[in-house]
Amino acid sequence: MDREKFLEILQTQLEGEIPSPEISRHLAYYRDFIDQKLRAGQAESDVLEELGDPRLIAKTLIDTEDVPNVHGYRQSYTYSAEEAGTGGFTQEDTPERSRPEDTRAGRIVKKIAAIALIVLLVVVLSFVLRALIPVVAVLILAGLIISLIGRH
């Protein structure tokens, strides 16, 4: 894989998952990181191997995009010029901004609600079945008795 393919995969994986300005910022960071390593004499293949799979990088960026911290602020990761050479990033607090409903947190809430609904259905069904089993047993027994009496 070359640098352009790496950046293309990263962009494709991020699209629709995080806001476009964030995608541009992440792509610029990785483009600068690769350029700086190349200028330092590293082979492109070594730099890309050091970075790893762009799909995994995208998943990590998506997973950390909307993680709230203890102050109720959104965590935002910013890249500085000197960090581009080390692959690091810093965290800064920015006020919570309104987000589309289908964010990662929204999907998690939907999954939790679906699981809770399934558990509730299982509990209700178990109570209904517990109540119906004696009734069904009595009906079966009555049917057997009636069929035995009818034979004699």
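Across the stretch 102-116, which residue is modelled with the lowest pLDDT among those that are β-branched (Val, Ile, Thr) and open to solvent by 90 Å² or more (accessible area, probe 1.4 Å)?
Step by step, filter the stretch 102-116, then rank; the result is 109.
Show the residue pairs that are 6+ apart or on different chains and have beta-carbon atoms under 8 Å apart, the first residue being within the stretch 1-24 and touching a residue at least 24 places away in the same chain (Cβ under 8 Å) and part of a helix (DSSP H, G or I), the second being surrounded by 17 or more Cβ atoms within 10 Å (Cβ to Cβ) and hydroxyl-bearing (Ser, Thr, Tyr).
Every condition considered, the pairs that remain are 6/30; 7/30; 10/30.
What's the number of the condition residue 99 fails, among (1) at pLDDT 60 or above; (2) surrounded by 14 or more Cβ atoms within 10 Å (Cβ to Cβ); (3) part of a loop (DSSP other than H, G, I, E, B)?
(1)
Within the stretch 29-37, is there a residue that is within 14 Å of residue 57 (Cα to Cα), surrounded by fewer than 15 Cβ atoms within 10 Å (Cβ to Cβ) and under 26 Å from the mean Cα position of the chain (by Cα)?
no
The values are calculated or read from the model by the stated rules, or taken from the named source; none is laboratory data. Just so it is clear, the structure is predicted and the values come from calculations on it, not from any experiment. Ideal geometry is used to build each Cβ from the backbone, glycine not excepted, and the neighbour counts take in all protein chains shown. Side chains are part of the model used for accessible areas, which takes the heavy atoms of the whole protein and leaves out ligands, DNA and RNA. Shrake-Rupley method; radii C 1.70, N 1.55, O 1.52, S 1.80 Å.
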